[in-house]
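> Got a structure here, written out as structure tokens. Questions coming.
The values are calculated or read from the model by the stated rules, or taken from the named source; none is laboratory data. Predicted, not measured: the structure shown is a model, and the values here were computed from it. We place every Cβ from the backbone using ideal geometry, glycine too, and count neighbours over all the protein chains shown.
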Amino acid sequence: MDSFELNKILGAILASCLVLLVMNFTANALFAPVPPAKPGFEIAVKEEAAGGGEAAAPAKSEPIEKLLQTASVEKGAAAAKKCLACHTFAKGEPNRVGPNLWGIVGDHKGEGRGGFNFSAAMKAKGGEWTDEDLNQFLTSPKGFIPGTAMGFAGIPKDSERADVIDYLHTLADTPVPLPTASK
């Protein structure tokens, strides 16, 4: 191979690099990316009361038994869609970040759930998931079980919580009956 052929090959490589470089500068000038003002996503979490003192008592709400009398399973299924990021609902589905919620009403807290690894705080709470416990937990998970790993801020609206609990009642082979409202 003579030097003329070698010069042509090296010239072609150099010209290709030069064309790529010019295309890069042109693309960056035409399609300049705009960096976000604040990187990342904000996760809504209720903050603790400042000063380490006792938090202000929440407004007294209706008893869950009374709210469940007017609750809607359909509305509860729609409201529970926000839980799908971490939980599954159908029988036999795998756990995700949180456990599968099939048969949760009346089940033991921090146990079972297809081998899900519950936090120490959830295991220590003990007892069964009653309607009142579910209501308090869905209002403020970290308020009901301090130290829980659940990062959900809670459902502040009474009727929406009742709808979700009514929906959770339907997720079982033999559903736990709804309580009757005491007068």
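> Among all residue pairs at least 6 apart or on different chains, which show Cβ distances below 8 Å where the first residue, located in segment 83-112, is in the same structural domain as Val164 (by TED's automatic domain parsing) and over 19 Å from Phe152 (Cβ atoms) and the second is in a loop (DSSP other than H, G, I, E, B) and among the hydroxyl-bearing types (Ser, Thr, Tyr)?
Pairs that qualify, where the first residue is in the same structural domain as Val164 (by TED's automatic domain parsing) and over 19 Å from Phe152 (Cβ atoms) and the partner is in a loop (DSSP other than H, G, I, E, B) and among the hydroxyl-bearing types (Ser, Thr, Tyr), are Pro94/Thr88; Gly106/Thr130.
> While we're here: Give the residue, chosen from Gly154, Gly147, that is touching a residue at least 24 places away in the same chain (Cβ under 8 Å), in a loop (DSSP other than H, G, I, E, B) and surrounded by fewer than 18 Cβ atoms within 10 Å (Cβ to Cβ).
Among Gly154, Gly147, only Gly147 is touching a residue at least 24 places away in the same chain (Cβ under 8 Å), in a loop (DSSP other than H, G, I, E, B) and surrounded by fewer than 18 Cβ atoms within 10 Å (Cβ to Cβ).
> Same structure again: Mind checking whether some residue in segment 72-79 is β-branched (Val, Ile, Thr), modelled with pLDDT of 85 or more, farther than 21 Å from Ile155 by Cα and part of a helix (DSSP H, G or I)?
Within segment 72-79 (the criterion being β-branched (Val, Ile, Thr), modelled with pLDDT of 85 or more, farther than 21 Å from Ile155 by Cα and part of a helix (DSSP H, G or I)), the answer is no, since none of the residues qualifies.
> Further question: Name every residue in segment 84-140 that is within 19 Å of Ala71 (Cβ to Cβ) and outside any loop (DSSP other than H, G, I, E, B), in order of residue number.
Listed by number, the residues that qualify are Asp131, Glu132, Asp133, Leu134, Asn135, Gln136, Phe137, Leu138, Thr139.
> While we're here: Report yes if Leu178 is hydrophobic (A, V, I, L, M, F, W, C), modelled with pLDDT of 90 or more and in contact with a helix residue (DSSP H, G or I) (Cβ under 7 Å, 6 or more places away or on another chain), otherwise no. Let's see the steps before the verdict.
On the way: hydrophobic (A, V, I, L, M, F, W, C): yes; modelled with pLDDT of 90 or more: no; in contact with a helix residue (DSSP H, G or I) (Cβ under 7 Å, 6 or more places away or on another chain): yes.
So Leu178 fails the test.
> Can you find, within segment 123-143, the residue that is surrounded by the most Cβ atoms within 10 Å (Cβ to Cβ) among those that are under 20 Å from the mean Cα position of the chain (by Cα) and of a type in the set (S, T, N, Q)?
Asn135
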